[in-house]
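For reference, the structure discussed in these notes is given below.
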2 protein chains.
Amino acid sequence: MSGCKGLRVAGASLAATILLATSGAIADERPTMAAVLEASSASDWRKPSSDFLLYMDLPGGRVIMELAPDFAPKVIENIRLLTRSGFFSTSVILRSQDNYVAQWGDPNDETDNAQPFGDGAATVAAEFYRASRGLNFVGLDSRDAYADEVGFVSGFPVGRDADDGRSWLAHCYGMLGVARGEAPESGNGSSLYVITGHAPRQLDRNVVLIGRVIQGMELLTTLPRGRGALGFYEDREMQVPLLAFQFAGDLPESERVDIEVLRTGTDTFSSLVESRRYRAGDWFVDPVDKIDLCNVPLPVRLAE
Amino acid sequence: MSGCKGLRVAGASLAATILLATSGAIADERPTMAAVLEASSASDWRKPSSDFLLYMDLPGGRVIMELAPDFAPKVIENIRLLTRSGFFSTSVILRSQDNYVAQWGDPNDETDNAQPFGDGAATVAAEFYRASRGLNFVGLDSRDAYADEVGFVSGFPVGRDADDGRSWLAHCYGMLGVARGEAPESGNGSSLYVITGHAPRQLDRNVVLIGRVIQGMELLTTLPRGRGALGFYEDREMQVPLLAFQFAGDLPESERVDIEVLRTGTDTFSSLVESRRYRAGDWFVDPVDKIDLCNVPLPVRLAE
């Protein structure tokens with residue numbers, strides 16, 4: 001029966017395969033990501049301001065998004081006005097395009113029944129980038145296809161141009177952006193999208209990014225793909241209603257989720273990046289020692 | 001009512017937003033991807049050999065994968081033996097981890113009920129890379145985070161090292177790989193995975209890639225995410241059965257899907273890459289003029 005046992009052992013290790021790929025192993029001079037996080041202290045984590053957390057409730061559960069007012073203050077404030085005016089009360093998921101985006105907004109936006117913007121503006125000056133000055137930029141040593149410099153600001157992936165002094169949020173998986181028409185200022189926040197596939201970095205500086213999903217990403221990625229062009233749901237019955245879309249700060253404190261994100265300007269974060277750059281352990285036969293901006297995990301946890 | 005009309009126009013353009021981002025527009029000296037494909041000739045397309053096409057039938061439909069015998073001939077032949085021995089008749093989707101992989105195989109692989117490999121071997125020498133010599137490598141001008149040189153071979157994304165003369169398939173979205181345990185040769189093809197998120201290129205040369213999904217990707221990406229560690233389905237009822245898993249060449253010709261992929265060594269493909277590198281049209285305010293290996297589309301069409 002040793003042959004059979006061999007099969008079972010092979011099977012067991014197959015199931016464990018990417019366990020090793022993701023958690024790394026133990027016996028190496030550089031720590032694994034799990035070890036770095038376990039050794040983190042309370043001060044390595046921060047609670048995002050409830051004024052810059054969005055809750056989107058879908059039938060399957062809640063998606064939580066952290067906003068980045070350092071990069072897109074104007075459109076974020078417009079979304080706040082739209083939200084308080086009840087604009088999103090009739091919104092639905094409009095499209096899900098495989099390896100690209102899920103997008104929501106007003107399903108009647110081209111009809112006489114279009115939902116009014118209320119106190120929100122119909123146009124907002126585009127915030128495609130901002131001055132690098134004044135940002136606490138934590139650089140990442142990586143050869144990036146799209147930007148000369150990449151790194152993080154307050155937990156968000158960022159591209160930077162050394163010459164022109166500008167910085168911008170990068171279209172990584174899970175990033176939240178403002179759909180727009182041909183006019184840059186047409187993105188007023190009434191229709192938003194989340195990246196659900198390989199980072200479409202060609203959109204950087206062409207669309208306004210405003211934050212990222214920090215919980216519930218799978219509620220968006222598992223949406224059925226639309227069969228219309230660009231993944232639009234041609235059949236209205238496939239559109240998923242937004243049960244609620246609101247800022248955490250507009251809810252009573254007792255109804256807010258106590259969530260924390262790892263600070264990116266810390267030694268712990270530097271160690272985490274290095275643990276992902278060089279994959280310690282026996283499983284990796286060629287531990288690479290390289291990393292890509294959108295492959296750096298940005299850990300989130302529910303506060304204790 | 002001009003104010004209202006303005007709203008409607010804004011709404012209309014919001015819905016159209018990423019239409020422009022993906023299809024580009026018309027009035028530019030460089031063509032859009034749609035124009036390049038429309039101008040393609042019959043000889044720009046090829047029919048993959050039915051001996052190297054896998055059909056995986058799930059309850060939701062068929063996933064079609066093209067295999068790359070130039071890179072992993074041994075494990076592909078072992079999968080053929082496993083398939084003909086009926087190994088996959090009891091296989092299920094074992095895990096779906098968000099932004100990472102979907103993986104299938106024998107749900108009983110650690111028990112006395114493990115499915116026998118039949119004529120298939122329990123181990124196969126790992127094919128992590130191969131000699132660059134003899135490959136028709138079509139280079140891509142891109143600054144890649146992981147490989148010194150990147151490009152395409154027969155429609156597959158490839159990394160290459162100029163110094164050591166080696167080439168390997170790259171872990172882009174949709175690529176198909178062989179799960180393995182700690183021993184490199186433990187990946188015998190009895191458990192396979194597909195990349196369903198941002199390219200985890202750190203896996204390159206650490207796991208054997210054998211091909212890519214060319215149809216039905218959304219059947220894998222919309223699978224519910226498993227709640228166990230690494231997205232394993234702890235609840236067996238969440239496991240999705242493989243209704244069939246077979247080589248197209250093992251089916252009667254009348255039951256094969258007539259599918260074509262764009263050749264990558266052609267002027268048409270070069271034009272397509274350039275259409276994606278520089279986004280023509282009015283929508284893009286900053287058309288980037290850069291591209292990433294895993295953002296190059298590899299078009300597929302059903303033959304007429």
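Tabulated values for the structure
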{"item": "Filter result for the condition that a residue is free of Cβ contacts under 8 Å to residues at least 40 places away in the same chain and open to solvent by 40 Å² or more (accessible area, probe 1.4 Å), over A:Pro59, A:Pro31, A:Pro73, A:Pro116", "result": "A:Pro116"}
{"item": "Residue pairs meeting the criteria (Cβ under 7 Å; at least 6 apart or on separate chains; first touching a residue at least 24 places away in the same chain (Cβ under 8 Å), in region A:220-235; second assigned to a helix (DSSP H, G or I))", "result": "A:Thr221/B:Thr221; A:Pro224/A:Met238; A:Arg225/A:Gly231; A:Arg225/B:Glu218; A:Gly226/A:Met238; A:Leu230/B:Ile18; A:Leu230/B:Leu19; A:Leu230/B:Thr22"}
{"item": "Qualifying residue in region A:194-205 (condition: over 11 Å from the mean Cα position of the chain (by Cα), under 19 Å from A:Tyr129 (Cα atoms), at the interface with chain B (Cβ under 9 Å from one of its Cβ atoms) and of a type in the set (Gly, Ala, Ser))", "result": "no"}
{"item": "So B:Thr123, is it within 11 Å of another protein chain (Cβ to nearest Cβ), more than 22 Å from the chain's Cα centre (by Cα) and at pLDDT below 95", "result": "no"}
{"item": "Filter result for B:Asp144 (farther than 27 Å from B:Val300 by Cβ and not hydrophobic (A, V, I, L, M, F, W, C))", "result": "no"}
{"item": "Residues satisfying the stated conditions in region B:86-99, i.e. within 11 Å of chain A (Cβ to nearest Cβ) and open to solvent by 20 Å² or more (accessible area, probe 1.4 Å)", "result": "B:Gln97, B:Asp98, B:Asn99"}
{"item": "Residue satisfying all of: in region A:102-113; in contact with a helix residue (DSSP H, G or I) (Cβ under 6 Å, 6 or more places away or on another chain) and open to solvent by 20 Å² or more (accessible area, probe 1.4 Å); farthest from the other protein chains (Cβ to nearest Cβ) among these", "result": "A:Glu110"}
{"item": "Filtered residues of region A:290-304 (kept if under 19 Å from B:His198 (Cβ atoms) and more than 7 Å from every other protein chain (Cβ to nearest Cβ))", "result": "A:Leu293, A:Val296, A:Pro297, A:Leu298, A:Pro299, A:Val300"}
{"item": "Residue within region B:210-220 that is over 22 Å from A:Asp289 (Cα atoms), open to solvent by less than 10 Å² (accessible area, probe 1.4 Å) and among the aliphatic types (A, V, I, L, M) present", "result": "yes"}
{"item": "Selection from region B:260-279 of residues that are closer than 23 Å to B:Glu149 by Cβ and open to solvent by less than 40 Å² (accessible area, probe 1.4 Å)", "result": "B:Val261, B:Leu262, B:Thr264, B:Thr266, B:Thr268, B:Phe269, B:Leu272, B:Val273, B:Ser275, B:Arg276, B:Arg277"}
{"item": "Within region B:150-193, considering residues that are away from chain A (no Cβ under 12 Å) and of a type outside the set (Gly, Ala, Ser), the one most open to solvent (accessible area, probe 1.4 Å)", "result": "B:Asp163"}
{"item": "Residue match in region A:131-138 (condition: surrounded by 18 or more Cβ atoms within 10 Å (Cβ to Cβ), out of contact with any Pro (no Cβ under 8 Å at 6 or more places or on another chain), within 13 Å of chain B (Cβ to nearest Cβ) and of a type outside the set (Lys, Arg))", "result": "no"}
{"item": "In region B:229-286, residue farthest from the other protein chains (Cβ to nearest Cβ) [restricted to those that are within 23 Å of B:Met65 (Cα to Cα) and acidic (Asp, Glu)]", "result": "B:Glu253"}
{"item": "Of the criteria (1) in contact with an Asp or Glu (Cβ under 8 Å, 6 or more places away or on another chain); (2) buried (at least 20 other Cβ atoms within 10 Å of the Cβ); (3) at negative phi, which one B:Asp282 fails", "result": "(2)"}
{"item": "Strands (runs of 3 or more DSSP E) completely within region A:52-155 that count 3 or more residues being aromatic (Phe, Trp, Tyr) and touching a Lys or Arg at 6+ places or on another chain (Cβ under 7 Å)", "result": "none"}
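Rundown of residues vs (1) closer than 22 Å to A:Ile214 by Cα; (2) at pLDDT 95 or above, yes/no style:
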site: A:Val257; (1), (2): yes, yes
site: A:Asp267; (1), (2): yes, yes
site: A:Val273; (1), (2): yes, yes
site: A:Arg279; (1), (2): no, no
site: A:Pro287; (1), (2): no, no
site: A:Lys290; (1), (2): no, yes
site: A:Leu298; (1), (2): yes, yes
site: A:Leu302; (1), (2): yes, no
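A quick yes/no check of all residues on (1) over 20 Å from A:Ala179 (Cβ atoms); (2) charged (D, E, K, R); (3) out of contact with any helix residue (DSSP H, G or I) (no Cβ under 7 Å at 6 or more places or on another chain):
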| position | (1), (2), (3) |
| --- | --- |
| A:Ser190 | no, no, no |
| A:Ala199 | no, no, no |
| A:Val207 | no, no, yes |
| A:Ile214 | yes, no, yes |
| A:Leu220 | no, no, yes |
| A:Leu243 | yes, no, yes |
| A:Ser270 | yes, no, yes |
| A:Arg277 | yes, yes, yes |
| A:Gly281 | yes, no, no |
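The values are calculated or read from the model by the stated rules, or taken from the named source; none is laboratory data. Remember, it's a predicted structure, so these values are computed and weren't measured experimentally. With ideal geometry, Cβ positions are generated from the backbone for all residues, glycine too; neighbour counts draw on all protein chains shown. Please note that ligands, DNA and RNA were not included when accessible areas were found on the heavy atoms of the full protein model with its side chains. Shrake-Rupley method; radii C 1.70, N 1.55, O 1.52, S 1.80 Å.
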